[in-house]
Amino acid sequence: MYKVFLYTLVFSVLAFIVWGSFLEIEVKITLSLIALTLLPTIRKKLYKDDSVFRKGKAALYASLLLTTFVLLLTIGSIIMGSGVDFAALWLAVFLFMILLFGCVFYGIPVSSLSDLATSNVQHYRFPLAFLIHLGFGLISYLFLGLLMYFVLLVAVVFFLFDEFLRKRELTRFKTAA
């Protein structure tokens, strides 16, 4: 009974914060759907310890790769002679934090939902999972506008890292058995 009361209280506070805020309706709906994945019955199906750890590594790797690309562009501009631009370096740090936040709070639930939706598919699992990732990336157009293209890039990189780690995990499991 205590757990039911605690979950009710937490979700009531979350619902009040989300729906009582001044955010646009699309953002409210997206945050509410992500919050629904935290319900105990849904969480048991979506989030398994090994897959969440793998997806966390994929989120970290995707964030690091894209931030490294921005840092290389910054270093390239330093080498070309425009001087050291500390604002660009701080932008890279800020970008890493934003990418990691987005990958963890939006990418991991979407990827878990994709794994659940494609768990029974044998032949077309990879393209179907890719389309699910792209579809949720396209949904970001509702509240990010033209930044959706950047979100699509992050979704593709996150998906590729997750699939690479998943294949490596499967081959490691098969060789150990």
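Taken together, the values in this text are just the output of simple stated rules run on the coordinates, not laboratory data. This is a predicted model, so every value here is computed, not measured. Positions of Cβ are generated from backbone atoms using ideal geometry, with glycine treated the same way; all protein chains shown enter the neighbour counts.
Could you order the peptides 147-159, 49-61 from most to least packed, using the average number of other C-beta atoms within 10 Å per residue? Provide the component values of the computation, followed by the final result.
Numbers: 147-159: 18.7, 49-61: 16.7.
The packing order, highest mean first, is 147-159, 49-61.
Calculate, in nm to one decimal, what S21 and H123 gain on full extension: separation in residues at 0.36 nm each, minus their alpha carbon distance.
Values: separation 102, 0.36 × 102 = 36.72 nm, distance 4.39 nm.
Fully extending the segment from S21 to H123 adds 32.3 nm.
Would you calculate the separation in nanometres between label points at F101 and L147, each defined as 7 Å from the Cα along the Cα-to-beta-carbon direction?
0.9
What is the percent of Cα-Cα separations in the stretch 47-176 that go past 23 Å?
Details: 3293 of 8385 pairs.
Tail of the P(r) past 23 Å holds 39 percent of the pairs.
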